[in-house]
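Encoded as structure tokens, the structure appears first; notes follow it.
The values are calculated or read from the model by the stated rules, or taken from the named source; none is laboratory data. In this text, all values refer to a predicted model and were calculated from it rather than measured experimentally. Here the Cβ is made from the backbone with ideal geometry for all residues, glycine too, and neighbour counts use every protein chain on show. Just so you know, the surface numbers come from the protein's heavy atoms only, side chains and all, with ligands and any DNA or RNA stripped out. Shrake-Rupley method; radii C 1.70, N 1.55, O 1.52, S 1.80 Å.
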Amino acid sequence: MKNTTRTLSLIASVSAAALVAACGGGGGDGAAPGTLSVAMTDAPSCGYDAVNVTVKKVRVHQSATAADNDSGWTDITLDPARKINLLDLTNGVLAELGQTSLAPGHYSQMRLVLDANTGSAKANSIVLTTNPSNTTEISLDTPSAVQSGIKLNHEFDVVSGQRVDLVLDFDACKSIVKKGNSGAYGLKPVVNVIPTALNGIGGFIDPALLGSHVQVSAQQNGTIVRSTVPNAKGEFSLARLVPGNYDVVITADDHAATVIGTVPVASTTSIVKVSTDVAPIGLPAAVSGTISGTALLKPASATEVAYVAAKQSFASGPTVTVKYQGADVTSGAYTLSQLPVAAPWFAQYSATLPIVFAAQTTTTPGTGKYRVEASANGYATQVTTSVDISSADQLGVAFTLVP
């Protein structure tokens, strides 16, 4: 990632400058208030050198039906609003947004308010991955919800005298969508609220792979739960996972996908290591191919986006997503590039390191073949069960999603 020095100073400035201005709330029945603290983190994005959002405030309310201008809202306000490059916030790094006192009780609404783009000011923008010297920002078209706040699907309880720590996980990869051939991009915010306790899965990737766009994800049943990119030393952290079992998927350009099956995260404080700096995980070189086409919503939607995923299943193991992308919101076009033609490598998790991998030639639908799924909220998932790139790219795989 670029701008390492800027990353450190940005996080420091956000932590120091996120001053709190609370309104609403109150003392309830006289019980001592609790405290809400909010921070932000991010998964890696797809094909961008920067994804900038400008945070204005976080709002909470006890009523699930409260309108924007109703009384009773409590705000954590950043004054002035702070522009944050989400790509600085991978591997568990947090940008603290601030904290406020809250009356004890149950809170049913939570919103993240972003500043709007005005005139030439690029409050929300991206920088495309092209070459190191290109730092031109492209403004993101923002939905009207940015003005009133992005509604976050999370309820929480505040206990008298206790503190609630929440992390807003802003998924930059899913949140940025292309809008036709105009060169415009839109912001369709995908934000999850997760506990702040630091747990998860960590390890090291061979530093020789760092120039090949390495991505590491924790998945369950082929759904990506958390993803990240290794730092300059090859270290990665898939942080803040709900206790359970996860499949760790590692991909890199022109290399075979590598999967560790059933990695156990036992508690909200346990950190499981799958490799060390002495024996980092390497990926075998492999030829890559491409699957592309369209994923259209019928009827069209002003709010939903189609996502296309290329998946493989192991004969005695999990189903995993190797690549995914949001379709163009205007044309429906998508391109899944750098899909390995070679068989993936796999190993079940072992606490004895290093983990020993082996090529899996009995995957479904087969070596060099992928199950391609197109999905969108409110629409039935469409599937092409076997797309073969072993001898040629497949450039016309089309989907029409209906409710």
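Per-structure values
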item: Output for segment 364-397, where each listed residue is part of a strand (DSSP E or B), surrounded by fewer than 17 Cβ atoms within 10 Å (Cβ to Cβ) and not aliphatic (A, V, I, L, M); result: THR364, THR381, THR385, SER386, ASP388, GLY396
item: Single residue of segment 118-133 satisfying the filter (modelled with pLDDT of 85 or more and not small (Gly, Ala, Ser)) that is surrounded by the fewest Cβ atoms within 10 Å (Cβ to Cβ); result: LYS122
item: Count of segment 362-376 residues which are more than 13 Å from SER390 (Cα to Cα) and not hydrophobic (A, V, I, L, M, F, W, C); result: 6
item: Qualifying position, being farther than 23 Å from GLU155 by Cβ, part of a loop (DSSP other than H, G, I, E, B), touching a helix residue (DSSP H, G or I) at 6+ places or on another chain (Cβ under 9 Å) and not aliphatic (A, V, I, L, M), among PRO189, PRO230; result: PRO230
item: Residue match in segment 149-156 (condition: open to solvent by 40 Å² or more (accessible area, probe 1.4 Å) and touching a His at 6+ places or on another chain (Cβ under 8 Å)); result: yes
item: Residue ID - most open to solvent (accessible area, probe 1.4 Å), chosen from residues in segment 169-217 that are within 18 Å of TYR307 (Cβ to Cβ) and aliphatic (A, V, I, L, M); result: VAL190
item: Count - residues of segment 233-264 that are part of a strand (DSSP E or B) and touching a helix residue (DSSP H, G or I) at 6+ places or on another chain (Cβ under 8 Å); result: 1
item: Residue match in segment 187-201 (condition: closer than 30 Å to ALA343 by Cβ and modelled with pLDDT of 90 or more); result: yes
item: Count of segment 218-232 residues which are polar (S, T, N, Q), under 13 Å from VAL248 (Cα atoms) and either open to solvent by 30 Å² or more (accessible area, probe 1.4 Å) or out of contact with any strand residue (DSSP E or B) (no Cβ under 7 Å at 6 or more places or on another chain) (or both); result: 3
item: ALA295 vs. criteria within 23 Å of the chain's Cα centre (by Cα), more than 23 Å from VAL356 (Cβ to Cβ) and free of Cβ contacts under 8 Å to residues at least 24 places away in the same chain; result: no
item: Residue match in segment 256-273 (condition: in contact (Cβ under 8 Å) with a residue 40 or more places away in the chain, open to solvent by less than 30 Å² (accessible area, probe 1.4 Å) and basic (Lys, Arg)); result: no
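Let's see how each residue does on (1) outside any loop (DSSP other than H, G, I, E, B); (2) modelled with pLDDT of 95 or more; (3) within 21 Å of ALA392 (Cβ to Cβ):
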{"site": "LEU296", "(1), (2), (3)": "yes, yes, no"}
{"site": "ALA300", "(1), (2), (3)": "no, no, no"}
{"site": "GLU304", "(1), (2), (3)": "no, no, no"}
{"site": "VAL308", "(1), (2), (3)": "yes, yes, yes"}
{"site": "ALA315", "(1), (2), (3)": "no, no, no"}
{"site": "VAL320", "(1), (2), (3)": "yes, yes, no"}
{"site": "GLN325", "(1), (2), (3)": "yes, no, yes"}
{"site": "LEU336", "(1), (2), (3)": "yes, yes, yes"}
{"site": "PRO354", "(1), (2), (3)": "no, yes, no"}
